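See structure below.
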Amino acid sequence: MTNAVNWFEIPVSDYERAKKFYSAVIGEEIVDHHMEEKNMKYGIFPYHMESNKVGGALVQMDGMNPSMDGSTVYLNGGDDLSVPLSRIEAAGGKILMPKTDIQENGFIALFTDTEGNKVALHSMG
């Protein structure tokens, strides 16, 4: 097994608002892959499937509800976590824990997105 996790889904109430938020924070486009037959709005974060890296998506559909409880998804903070972290509040989110040094494991920060999910960032810088 290469990765303990290979896919994640972040539930959203307003797909377009969430897509705009995450695109602004990560500085990359979320790609639409809606599934009309399932009445599902779905947007995929950038990832490299062929190199067996972890990928994920935003999903709006019945039964998928944003939450501050439960598992925490850590998004890639790039070379310097301060860069995406600096975009969170301007995009409509709220920083819960600022950039925090976790010693040899890099840095983390926690935030809420526009949908009410608790999400995190991780980077080595």
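The values are calculated or read from the model by the stated rules, or taken from the named source; none is laboratory data. As the structure is a computational prediction, the values presented were derived from the model and not from experiment. Glycine gets a Cβ as well: all are built from the backbone with ideal geometry, and neighbour counts include every protein chain shown. SASA here: full protein model, heavy atoms, side chains in, ligands and nucleic acids out. Shrake-Rupley method; radii C 1.70, N 1.55, O 1.52, S 1.80 Å.
The table below gives the values:
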| quantity | calculated |
| --- | --- |
| The chain, relative contact order [Cα under 8 Å, separation at least 6], % | 26 percent |
| Gain on full stretching of the segment that runs from ILE102 to SER13 - 0.36 nm per residue minus C-alpha separation | 28.8 nm |
| Rounded accessible area per residue of the stretch 72-125, 1.4 Å, Å² | 51 Å² |
| Extended-chain gain in nm, criterion 0.36 nm per residue less alpha-carbon gap, GLU50 and MET124 | 24.3 nm |
| GLU37-ASN76 pseudo-label distance in nm [points 7 Å out on the Cα-to-Cβ vector] | 3.1 nm |
| Spatially close lysines, pair count over the chain: Cα under 16 Å, gap of eight or more or interchain | 6 |
| Ordering of 35-45, 77-87, 96-106 by burial proxy (mean other Cβ atoms within 10 Å per residue, highest first) | 77-87, 35-45, 96-106 |
| Between 0 and 90°, nearest 10: helix 15-26 axis offset from the chain longest Cα axis | 20 degrees |
| DSSP-defined antiparallel bridges as percent of all bridges, the stretch 9-125, nearest 5 | 70 percent |
| Sites ASN3 and GLU29, calculated FRET efficiency, Cβ-Cβ separation with R0 22 Å, nearest 0.05 | 0.40 |
| Options (1) 42, 31, 24; (2) 48, 25, 23; (3) 47, 35, 26 - which one matches Cα extents along the principal axes in Å as calculated here | (3) |
